[in-house]
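The values are calculated or read from the model by the stated rules, or taken from the named source; none is laboratory data. These numbers come from a predicted model, not from an experiment. Note: ideal-geometry Cβ built from the backbone for every residue, glycine included; neighbour counts use all protein chains shown. These accessible areas exclude ligands, DNA and RNA; they are computed on the full protein's heavy atoms, side chains included. Shrake-Rupley method; radii C 1.70, N 1.55, O 1.52, S 1.80 Å.
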Amino acid sequence: MREIFIMLCCGAGISSGMLATRTRSAAKDQSIPITVEARSESEVAEYFSVIDILFLGPHYASQQKEFQRNADRYHIPVVVVPQDIYGRLDGAALLKLAINTLKN
């Protein structure tokens, strides 16, 4: 399996940073090669050429279509992190969601 690059779009970055850390940990436990980074909204566009999937914090749900328009050129899915995953900072669930989304 090739390395998966997940980007989390966040505001201040505290919750998304913790979610990224937990997702990396879950991937390590499952021996899945992965890079997970949390970046602010203003930085995301710089990474479109290298990421595989973009997750938006629930508070960015209203901007999903705009992000998707920009990501379409790179064939990158843009997914809003479900509130239950985000609220629990469930890295294993986010990893599973990323893998399932990329398979489809």
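How about region 52-84: which of its residues are of a type in the set (F, W, Y), open to solvent by less than 80 Å² (accessible area, probe 1.4 Å) and farther than 18 Å from I14 by Cβ? Can you show your working first?
So the first thing to find is which residues in region 52-84 are of a type in the set (F, W, Y), and the list is 55, 60, 67, 74.
From what is left, the residues that are open to solvent by less than 80 Å² (accessible area, probe 1.4 Å) are 55, 60, 67.
Passing the criteria: only F67.
Here's the yes/no breakdown for (1) modelled with pLDDT under 95; (2) of a type in the set (G, A, S); (3) out of contact with any Pro (no Cβ under 9 Å at 6 or more places or on another chain); (4) at positive phi:
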residue: T23; (1), (2), (3), (4): no, no, yes, no
residue: E46; (1), (2), (3), (4): yes, no, yes, no
residue: V50; (1), (2), (3), (4): no, no, yes, no
residue: V80; (1), (2), (3), (4): no, no, no, no
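For region 14-26, which positions are surrounded by 23 or more Cβ atoms within 10 Å (Cβ to Cβ) and among the aliphatic types (A, V, I, L, M)? Spell out how you get there, then give the answer.
Going through region 14-26, the residues surrounded by 23 or more Cβ atoms within 10 Å (Cβ to Cβ) turn out to be 16, 19-20, 23.
Of everything in region 14-26, those that are surrounded by 23 or more Cβ atoms within 10 Å (Cβ to Cβ) and among the aliphatic types (A, V, I, L, M) turn out to be L19, A20.
Collect the residues in region 12-38 that are assigned to a helix (DSSP H, G or I) and more than 13 Å from the chain's Cα centre (by Cα), keeping them in residue-number order.
Keep residues of region 12-38 that are assigned to a helix (DSSP H, G or I), which gives 14-29.
Listed by number, the residues that qualify are I14, S25, A26, A27, K28, D29.
Report, by residue number, each residue of region 85-104 that is open to solvent by less than 40 Å² (accessible area, probe 1.4 Å) and basic (K, R).
none
Identify the residue in region 35-47 that is hydrophobic (A, V, I, L, M, F, W, C) and open to solvent by 10 Å² or more (accessible area, probe 1.4 Å) and, among all such residues, is farthest from F5 (Cα to Cα).
My answer is A45.
Please verify whether region 80-101 includes one or more residues that are of a type outside the set (D, E, K, R), in contact with an Asp or Glu (Cβ under 7 Å, 6 or more places away or on another chain) and in contact (Cβ under 8 Å) with a residue 60 or more places away in the chain. So that I can check it myself, show each step before the final result.
Start the filter on region 80-101 by keeping residues that are of a type outside the set (D, E, K, R), which leaves 80-83, 85-87, 89, 91-95, 97-101.
Cutting the leftovers down to in contact with an Asp or Glu (Cβ under 7 Å, 6 or more places away or on another chain) gives us none.
Checked against the condition, which is being of a type outside the set (D, E, K, R), in contact with an Asp or Glu (Cβ under 7 Å, 6 or more places away or on another chain) and in contact (Cβ under 8 Å) with a residue 60 or more places away in the chain, region 80-101 yields no hits at all.
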